[in-house]
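Asker: Got a structure for you, written out below as structure tokens; questions coming shortly.
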Amino acid sequence: MATGAQAAPVGNGLSAQAMEIGKGTRPDQLAFRALYKDLVETDSSITTGSCTLVADKVEAHLRAAGFTDAQITRFAVPDHPKEGGIVAVLPGSSKTLKPILLLGHLDVVVAKREDWTRDPYTLIEENGYFYGRGTADMKAMDATWIDLLSRWKKAGYTPKRTVKLALTCGEETSWAFNGANWLASNKRDLIDAEFALNEGGGGRTDGHGNIVQQSLHVGEKFAVNYQITATNPGGHSSIPIRDNAIYEIAEALLKVRDYEFPLMLTDTTRAYFGKLGASRNDAMGAAMRTIASAPIGSPESKAAEATLNTDRSFHSMLRTTCVGTLEEGGHANNALPQKATANINCRVFPGISVESVQEKLKEIMGDPRLTITMEKLRGPVAKAPPLTPQILGPVERLVAQYYPGVPLVPTMSTGATDGIFLEAAGIPSYGPPGAFVDPDGSGAHGLNEKRAVASVYIERDFLSDLVKDYANH
């Protein structure tokens, strides 16, 4: 551990067992930390890094644990040599039980050293947190999956079900090679499973060290990008006019910023807010209970929505969201721009068509001079997997064991995961609980990404217990 590091500020909602696990001082935890460090410190961003290099290290780790050639499959395509992945298979004893699949993505969003307080590709432990790109999204879970299978292999442990691991690239982009999609389309038998465990679940603190919820991810929004373009004859910058392509884009983006898509609810989100609200005695809890029961559009619902909208995560769970993420314009610093473009990233609520969102954006911007085109879709529209007793039972038992008194709630992820490719291929995907993050989102995709040290170690033990339970029933 780094000099001066201290225990993460967590306590309420954790069992004594979990508190002890969270200290991270067991020899096996220190070995796991070394693996986690190696993954984080290997740049796997799509622009400056290599997933293939990370997969090389994963393969070496698995082979050291005893995995054979027949149990390891590497894959890549010629056009994307740095975006390769790996599949490992630990055979089970049963000839009738279907396998389970552990899925993870190796790629991360690019991070620039000049923007960060610390080197983003160095794992730094400070004040109870691990800092570094990928610490939260999602190399802690990747390391957990690798470590789990390695420990079982070394110990000669054979579960009833075969357990498969697929670590892929391309989850963080909409245009590069996506390994999960490739496997589902080209190697379906290799990853065939009754269900998969993936990112998307986890817990949340109140920002003051108290665990307030654990979530099981059972559905997600759909990500889509739209490009808006403004064109203009341009001219000399010494004689400016109001008709300016950059201004048109700027004005359009501000209109998108100010538009609020309407409130929507699904059975999953109603259950989420109703169950989580029942565990809280504050104004936010009352708003959750109301939004879960009051008719949409009623005065009670509107008042509850206003309260929930003050939390960025709850706000996003209640509607489709669109936000400007990229812009480019002009061709010379002394010329009026002839062209300007911007990307709008939308997270579309289940049941809403991407075409209707495109039409709404046109209406919002209200500028016939602009063109709006939909970028190539990332994948199929996500299908919500069924929430069965087989999936829910072990999760409920372990949450009660590790996080006594903390509610377990089904949740719709506001982000997009590679689970959509599995579900389209007939493999339901779930994001298990176990970890926890702060309300600020832990900097995933942003600056100074972090994960609480205790969260990482507790998640490792929690998921190890969960996979063992699933693999033997």
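The values are calculated or read from the model by the stated rules, or taken from the named source; none is laboratory data. The structure presented is a predicted model; accordingly, all values stated were derived computationally and were not measured. Using ideal geometry, Cβ is built from the backbone for each residue, glycine included, and neighbour counts are taken over all protein chains shown. The protein model used for the area step is the full one, side chains on, heavy atoms only, and it has no ligands, DNA or RNA in it. Shrake-Rupley method; radii C 1.70, N 1.55, O 1.52, S 1.80 Å.
Asker: Condition test on ASP192, is it over 24 Å from ILE458 (Cα atoms), open to solvent by 10 Å² or more (accessible area, probe 1.4 Å) and without any contact (Cβ under 8 Å) to a residue 60 or more places away in the chain?
Answerer: No: the conditions fail for ASP192.
Asker: Could you please let me know if ILE458 is among the hydrophobic types (A, V, I, L, M, F, W, C), crowded, with 19+ Cβ neighbours inside 10 Å, touching a residue at least 60 places away in the same chain (Cβ under 8 Å) and within 15 Å of PHE195 (Cα to Cα)?
Answerer: It is false that ILE458 is among the hydrophobic types (A, V, I, L, M, F, W, C), crowded, with 19+ Cβ neighbours inside 10 Å, touching a residue at least 60 places away in the same chain (Cβ under 8 Å) and within 15 Å of PHE195 (Cα to Cα).
Asker: Let me ask another. Restricting attention to the stretch 445-473, which residues are in contact with a strand residue (DSSP E or B) (Cβ under 8 Å, 6 or more places away or on another chain) and either small (Gly, Ala, Ser) or under 12 Å from TYR129 (Cα atoms) (or both)?
Answerer: Of everything in the stretch 445-473, those that are in contact with a strand residue (DSSP E or B) (Cβ under 8 Å, 6 or more places away or on another chain) and either small (Gly, Ala, Ser) or under 12 Å from TYR129 (Cα atoms) (or both) turn out to be ASN448, GLU449, LYS450, ARG451, ALA452, VAL453, SER455, VAL456, ALA471.
Asker: Taking the residues in the stretch 134-151 that are within 16 Å of the chain's Cα centre (by Cα) and open to solvent by 10 Å² or more (accessible area, probe 1.4 Å) as candidates, determine which candidate is modelled with the highest pLDDT.
Answerer: Restricting to residues being within 16 Å of the chain's Cα centre (by Cα) and open to solvent by 10 Å² or more (accessible area, probe 1.4 Å), the top hit is MET141.
Asker: Cβ-Cβ below 7 Å, separation at least six or inter-chain, first residue in the stretch 256-272 and without any contact (Cβ under 8 Å) to a residue 24 or more places away in the chain, second part of a helix (DSSP H, G or I): which pairs?
Answerer: So the pair list comes out as ARG270/ALA292.
Asker: Given the criteria touching a residue at least 12 places away in the same chain (Cβ under 8 Å) and in a helix (DSSP H, G or I), does LEU398 qualify?
Answerer: yes
Asker: Now a separate question. Taking the stated definitions as given, is GLY11 out of contact with any Lys or Arg (no Cβ under 6 Å at 6 or more places or on another chain), open to solvent by 20 Å² or more (accessible area, probe 1.4 Å), over 29 Å from LYS112 (Cα atoms) and modelled with pLDDT under 95?
Answerer: So GLY11 passes the test.
Asker: Of the residues in the stretch 355-365, how many are surrounded by fewer than 18 Cβ atoms within 10 Å (Cβ to Cβ), of a type outside the set (Gly, Ala, Ser) and farther than 20 Å from HIS315 by Cα?
Answerer: Final tally of qualifying residues: 5.
Asker: Taking the stretch 208-248 as the search range and keeping residues that are acidic (Asp, Glu) and under 38 Å from the mean Cα position of the chain (by Cα), which one is farthest from PHE314 (Cα to Cα)?
Answerer: Among them, the one singled out is GLU248.
Asker: If only one of GLY330, GLY324, GLY379 is under 20 Å from the mean Cα position of the chain (by Cα), of a type outside the set (Val, Ile, Thr), more than 27 Å from SER429 (Cα to Cα) and open to solvent by less than 80 Å² (accessible area, probe 1.4 Å), which one is it?
Answerer: Only one candidate passes the filter, namely GLY324.
Asker: Right, next: Scan ILE364, ILE372 and give me the residue that is part of a helix (DSSP H, G or I) and β-branched (Val, Ile, Thr).
Answerer: It is ILE364.
Asker: Name every residue in the stretch 158-184 that is more than 17 Å from the chain's Cα centre (by Cα) and under 21 Å from ALA384 (Cβ atoms), in order of residue number.
Answerer: ALA184
Asker: Look through the stretch 297-314, keep the residues that are at pLDDT 95 or above and open to solvent by less than 40 Å² (accessible area, probe 1.4 Å), and return whichever of them is farthest from GLY415 (Cα to Cα).
Answerer: SER298
Asker: Of the conditions (1) farther than 23 Å from CYS51 by Cβ; (2) without any contact (Cβ under 8 Å) to a residue 40 or more places away in the chain, ASP119 fails just one. Which one is it?
Answerer: (1)
Asker: Looking at the stretch 327-341, I want the residues that are in contact (Cβ under 8 Å) with a residue 40 or more places away in the chain and have a partner that is assigned to a strand (DSSP E or B) and hydroxyl-bearing (Ser, Thr, Tyr) with Cβ atoms under 6 Å, at least 6 apart or on another chain. Which pairs are those?
Answerer: As it stands, the answer is LYS339/THR231; THR341/THR229, since those pairs meet every condition given.
Asker: Go through the stretch 47-86 and count every residue that is surrounded by fewer than 16 Cβ atoms within 10 Å (Cβ to Cβ), out of contact with any helix residue (DSSP H, G or I) (no Cβ under 8 Å at 6 or more places or on another chain) and part of a strand (DSSP E or B).
Answerer: Of the residues in that region, 0 qualify.
Asker: For residues that are open to solvent by 20 Å² or more (accessible area, probe 1.4 Å) and part of a loop (DSSP other than H, G, I, E, B), scanning just the stretch 382-395, find the one that is modelled with the lowest pLDDT.
Answerer: ALA382
Asker: Give all pairs with beta carbons closer than 7 Å in which a residue from the stretch 411-425 that is within 17 Å of ALA166 (Cα to Cα) meets a residue that is in a helix (DSSP H, G or I) and not hydrophobic (A, V, I, L, M, F, W, C); count only pairs at least 6 apart in sequence or on separate chains.
Answerer: Matching pairs, first to second residue: PHE421/ASN181; ALA425/ARG188.
Asker: Please name all residue pairs, on different chains or six or more residues apart, with Cβ atoms under 9 Å, provided the first residue is in the stretch 284-300 and is among the basic types (Lys, Arg) and the second residue is open to solvent by 40 Å² or more (accessible area, probe 1.4 Å) and not in a helix (DSSP H, G or I).
Answerer: Cβ pairs passing all conditions: ARG289/ARG280.
Asker: Quick one: which strands (runs of 3 or more DSSP E) sit completely within the stretch 90-155 and have at least 3 residues that are over 20 Å from GLY179 (Cα atoms)?
Answerer: Correct list: 124-126, 129-131.
Asker: Is there any pair with a first residue in the stretch 27-40 that is small (Gly, Ala, Ser) and a second that is open to solvent by less than 20 Å² (accessible area, probe 1.4 Å) whose Cβ atoms are under 9 Å apart and which are 6 or more apart or on different chains, and what are they?
Answerer: Hits for this filter: ALA31/ASP147.
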